[in-house]
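Encoded as structure tokens, the structure appears first; notes follow it.
Just so you know, all these numbers are worked out from the coordinates, no wet-lab data involved. Nothing here was measured: the structure is a model prediction, and the numbers come from that model. Cβ atoms come from the backbone with ideal geometry, glycine included; neighbour counts cover every protein chain shown.
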Amino acid sequence: MGLAERLLFATLLSDTASGQTFLRSPAGLASPAVTAANVQAYALEGQQWLDDIGRMDKKTMPMDESEWRKRLSPEQYRVLREKGTEPPFTGEYLEVDSDGTFTCAACGNALFSSDAKFDSGTGWPSFDEALPGAVEYHTDTTHGMVRTEITCARCGSHLGHVFDDGPTESGKRYCINSVCLNLDETDAAGKK
Ligand SMILES: [Zn+2]
């Protein structure tokens, strides 16, 4: 079971918890004819996976900034932990067109499917959507602008910003620092 699939089940679980139906759940995971019994089974399974993720976090997540500093390169630390920005047209993943799942370079959280990647011409890797629950959104008023900052939902590291001028149906342009990403080409679960 890949991490992206676990996250989908986590979304499923939170839908169950909020009393909503499975309408938002990924096709194939549940049908409209779902019964109370298998709703509970799905929820239990989802909880187990959440517990697994929790154990993983406790084992691998740095406890303070000095640990982050040891784990990350100076450029990664500057961008991820100090909300820096890499120079445009310099990132390793800007031109990459491979299939896979882009993960957080700090903690490994699955963030974006390669299917969501597009060439924005801005000089930073750009995506039209994030994986469900993968990122958090914050109002950023620095540098005389009002922007929406994106952080990793698991470790809180800075990733970039999202803008409402995307060229696809979502209308979103996630503008992400390449140095904040790794590409997992073995995990196809994040693919649409
Ligand atoms: Zn992270």
DSSP-loop chymotrypsin sites (Phe, Trp or Tyr not before Pro) across region 62-149, with at most 13 other Cβ within 10 angstrom: F89
Cut-off under 5 Å, modelled amide H: who pairs with L131 long-range: F112, S113
Listed residue (T148, G133, F112) projecting farthest to the positive dipole end of region 85-190, Cβ model: T148
